[in-house]
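Input: a single structure, listed below in structure tokens.
The values are calculated or read from the model by the stated rules, or taken from the named source; none is laboratory data. The structure presented is a predicted model; accordingly, all values stated were derived computationally and were not measured. Cβ placement follows ideal geometry from the backbone for every residue including glycine, while neighbour counts extend to all protein chains displayed. The area values use the complete protein model at the heavy-atom level, side chains included, leaving out ligands, DNA and RNA. Shrake-Rupley method; radii C 1.70, N 1.55, O 1.52, S 1.80 Å.
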Amino acid sequence: MKKHLIIAISLSISFVILSFFSVAGFQLNNLRYSGSAITTDELAHIASGYYYLKTGRYFLNVEHPPLVKDLSSLPLVLINPIFPKIYQDFIITEGYAWEHYPPQEFIFSKNLEIRNAQWDFARIFLFNPQNNPDVIALWSRLSIIVFNALSLFLLYLTVAKSWTARAATISLFLIVFSQFNLAHGSLVTMDVMSSVLQMLALFSFAHYIKNVAERKKTISSFVATALFLSLALLSKFSSAILIPSMFIGGIIYITIAKKHWRDFFQYIARFTCLVMTALLFISVFYYAHTFNMDGSDMVAQIHYYYPHDLPFGIKEVLTTFVFSNPLLKGLAQYANGVLMVFSRMNSAHQQIFFMGNVYGSEGAGLMYFPILYFSKLSIGLLVLNLISFLIIALRFTFSKDTLSRRVKSFFNNPASFLITVFIFFYSATTLSSNLQIGLRHIMPIILGLTILTAKTIDSFWDKNFLKIKFSSLFSIIFVVIFLSVLNAFPNYLSYYNYFAGGKERGYKIATDSNFDWGQDAKKLIRWIDENDIKKIYIDIEGNIPLQWYIGDAYRVLDVQKYPHPEAGSYIAVAISKYELKKYDFPLENLISHIGSTILIFKL
């Protein structure tokens with residue numbers, strides 16, 4: 001156990017090192033060029049986190065819960081960046097800093113708070129002339145990376161307690177040495193932390209229902225489950241899928257473990273108490289973000305988002321909660337965010353490039369996530385997935401035990417069963433949705449499958465196959481995975497495995513957050529400075545205002561709104577936009593390739 005604990009600590013530290021330097025680079029004394037630019041979603045998350053801290057209001061980036069954003073803002077207390085003045089009675093037009101940067105004044109207004117003008121606020125805060133956006137992003141990212149590493153180590157301890165130390169170590173290794181996890185775990189985004197917290201909630205709940213079935217003490221496991229369920233719900237709204245997954249999984253487990261009808265109704269009462277405890281925790285947490293929010297302003301925000309009546313009188317209930325008491329006020333704000341997410345899932349406004357085609361709100365179809373799963377994850381992990389699946393299938397098919405005994409054996413450890421149920425519910429939800437803007441949206445599924453794969457590997461570690469030790473085979477694959485991660489450094493976000501074309505051709509499968517989130521903008525800035533470019537037309541991914549970096553050299557590239565650039569002009573185009581057929585600049589005019597994602601043309 002001590003050996004595995006040391007390995008786990010080393011793996012957690014490795015996660016911090018690889019994540020940090022992949023996005024920060026090694027020129028920390030010159031952050032203008034070093035590392036990755038602030039990516040699309042980070043712009044809103046970093047700015048809104050600091051906004052909550054300074055104002056005690058939750059009007060911006062409401063569609064995401066606050067936990068990750070709060071954690072990203074903690075180091076900013078130390079560097080104390082300039083915070084924009086927010087005027088209560090001064091009307092500013094939405095888009096004033098987003099569409100036209102720089103604005104005449106770096107100020108904000110109450111009317112923009114209610115309209116959730118998060119992109120305007122992000123620009124006037126992060127790219128205020130008195131602030132350094134790269135320093136702010138560096139500290140915010142470091143905070144998230146550290147907390148992600150701590151949550152991963154906590155997951156190791158939980159898995160080791162539920163299964164074995166070796167299974168926990170293998171799980172941690174496969175999670176840490178994953179280009180996909182490193183890419184998103186190094187940014188101020190919710191996906192990694194929410195996925196880990198969801199796994200912690202499932203393991204805690206498995207421990208809880210097992211104690212219930214065996215009539216053991218349940219206080220500590222109840223508290224742990226309520227805590228991790230609350231934190232998961234506070235990290236990402238899609239974590240709400242935990243509730244039906246846990247409920248249904250628990251009912252099945254209790255039904256098999258206990259035959260008396262009283263146990264069924266006791267379970268429902270216990271689960272209701274668990275959910276109510278989690279909601280109470282969420283209400284208290286949200287109160288810290290809403291205590292300075294005026295009730296009438298919150299109602300105005302609700303009416304702005306939902307001009308038509310929500311079904312079942314939900315809008316009226318939310319309005320009543322706002323004026324009831326502080327805890328219900330916080331709960332109303334949380335519910336508002338949940339409704340926004342589900343509304344977005346049902347009417348996805350998106351443009352998807354996938355497998356050579358462009359799709360809109362209708363989505364790219366059922367094969368979007370499966371194809372990306374086999375494209376974005378390392379070949380080593382996919383091989384382990386396949387081996388684990390074959391092992392389970394052969395074990396279940398050729399076991400000498402009766403079917404009832406095999407089923408009962410599976411239920412002896414409810415964690416595996418609960419993860420399986422959760423994966424089913426999460427898959428059903430995501431595959432039925434048209435919202436398809438990145439593999440990161442099924443990260444909880446990927447993490448669950450990775451942990452189940454690790455458990456299977458552990459159970460066959462000491463066995464042989466045709467005189468070949470499984471431990472030797474697995475160790476070789478682990479080395480390949482490790483080397484693959486080192487080889488991909490630092491371009492984890494644009495990573496595609498070898499069979500999917502690698503980072504050079506993987507974009508032909510899908511772009512968006514699968515490939516390009518604007519992370520190569522700093523490389524473009526360096527190229528412009530080094531080549532002394534006085535004027536360049538630009539259309540790349542990401543939301544940072546390039547004027548902040550290159551000033552008057554920046555020109556907007558949009559041939560539909562502006563005249564075609566004259567001969568001799570330099571053009572910077574994101575590969576994703578080029579693949580979307582937005583531009584048709586001839587490839588013979590291509591003079592440079594910036595990072596993994598930007599093309600430079602000279603007409």
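A few comments on the model shown:
- One residue stands out among those in the stretch 567-584 that are open to solvent by less than 90 Å² (accessible area, probe 1.4 Å) and at pLDDT below 90: the one that is nearest to residue 503 (Cα to Cα), which is 576.
- Restricting the stretch 382-408 to residues that are among the polar types (S, T, N, Q) and at pLDDT 80 or above, the residue that is nearest to residue 462 (Cα to Cα): 388
- Applying the condition of being in a helix (DSSP H, G or I) and touching a residue at least 40 places away in the same chain (Cβ under 8 Å) to the stretch 530-561 and asking which residue is most open to solvent (accessible area, probe 1.4 Å) yields 548.
- Boolean, residue 59 is buried (at least 24 other Cβ atoms within 10 Å of the Cβ), touching a helix residue (DSSP H, G or I) at 6+ places or on another chain (Cβ under 8 Å) and either aromatic (Phe, Trp, Tyr) or without any contact (Cβ under 8 Å) to a residue 12 or more places away in the chain (or both): yes
- Within the stretch 448-466, at least one residue is modelled with pLDDT of 95 or more, buried (at least 21 other Cβ atoms within 10 Å of the Cβ) and among the small types (Gly, Ala, Ser).
- Selection within the stretch 518-529 - of a type outside the set (Val, Ile, Thr) and surrounded by 15 or more Cβ atoms within 10 Å (Cβ to Cβ): 518, 519, 520, 521, 522, 523, 524, 526, 527
- Those residues of the stretch 205-219 which are buried (at least 24 other Cβ atoms within 10 Å of the Cβ) and among the small types (Gly, Ala, Ser), in sequence order: 206
- Residues located in the stretch 1-19, provided they are open to solvent by 30 Å² or more (accessible area, probe 1.4 Å) and either of a type in the set (D, E, K, R) or assigned to a helix (DSSP H, G or I) (or both): 2, 3, 4, 5, 6, 7, 9, 10, 13, 14, 16, 17
- Criterion (surrounded by fewer than 24 Cβ atoms within 10 Å (Cβ to Cβ) and in contact (Cβ under 8 Å) with a residue 12 or more places away in the chain) met by exactly one of 196, 135: 135
- Complete set of residues in the stretch 509-529 that are among the hydrophobic types (A, V, I, L, M, F, W, C) and in a loop (DSSP other than H, G, I, E, B): 509, 515, 517
- Listed conditions (1) surrounded by fewer than 16 Cβ atoms within 10 Å (Cβ to Cβ); (2) assigned to a loop (DSSP other than H, G, I, E, B) are all met by residue 37, apart from (1).
- Scanning the stretch 323-337 for residues that are over 29 Å from the mean Cα position of the chain (by Cα) and either under 19 Å from residue 278 (Cα atoms) or open to solvent by less than 20 Å² (accessible area, probe 1.4 Å) (or both) gives 325, 326.
- Flag if residue 121 is open to solvent by less than 10 Å² (accessible area, probe 1.4 Å), in contact with a helix residue (DSSP H, G or I) (Cβ under 6 Å, 6 or more places away or on another chain), over 24 Å from residue 336 (Cβ atoms) and at pLDDT 95 or above: no
- The set of residues from the stretch 275-314 being modelled with pLDDT under 90 and open to solvent by 80 Å² or more (accessible area, probe 1.4 Å) comprises 303, 304, 307, 308, 309, 312.
- Options 560, 547: the member that is in contact with a strand residue (DSSP E or B) (Cβ under 7 Å, 6 or more places away or on another chain) and either more than 27 Å from residue 441 (Cβ to Cβ) or hydrophobic (A, V, I, L, M, F, W, C) (or both): 547
- Residue that is most open to solvent (accessible area, probe 1.4 Å), among those in the stretch 468-496 that are without any contact (Cβ under 8 Å) to a residue 24 or more places away in the chain, of a type in the set (A, V, I, L, M) and under 27 Å from residue 575 (Cβ atoms): 483
- Test: residue in the stretch 244-252 that is farther than 30 Å from residue 343 by Cβ and in a helix (DSSP H, G or I): yes
- Within the stretch 103-118, residues that are closer than 17 Å to residue 89 by Cβ and of a type in the set (Ser, Thr, Tyr) reach partners that are part of a loop (DSSP other than H, G, I, E, B) and open to solvent by 40 Å² or more (accessible area, probe 1.4 Å) with beta carbons closer than 7 Å, at six or more positions or on different chains, in the pairs 109/90; 109/91.
- Test for residue 204: is it free of Cβ contacts under 8 Å to residues at least 12 places away in the same chain and of a type in the set (Ser, Thr, Tyr): no
- Pairs linking a residue in the stretch 221-232 that is under 13 Å from residue 272 (Cβ atoms) to a residue that is part of a helix (DSSP H, G or I) and open to solvent by 30 Å² or more (accessible area, probe 1.4 Å), with Cβ atoms under 7 Å and 6 or more positions apart or on different chains, are 226/277; 226/281.
- Answer residue from the stretch 560-589, given it is aliphatic (A, V, I, L, M) and more than 34 Å from the chain's Cα centre (by Cα) and is farthest from residue 528 (Cα to Cα) among those: 587
- Boolean, residue 167 is over 30 Å from residue 412 (Cα atoms) and of a type in the set (A, V, I, L, M, F, W, C): no
- Candidates 515, 499: the one that is out of contact with any Asp or Glu (no Cβ under 7 Å at 6 or more places or on another chain) and either free of Cβ contacts under 8 Å to residues at least 40 places away in the same chain or open to solvent by 20 Å² or more (accessible area, probe 1.4 Å) (or both) is 499.
- Qualifying residue in the stretch 349-359 (condition: at pLDDT 90 or above and either open to solvent by 60 Å² or more (accessible area, probe 1.4 Å) or not β-branched (Val, Ile, Thr) (or both)): no
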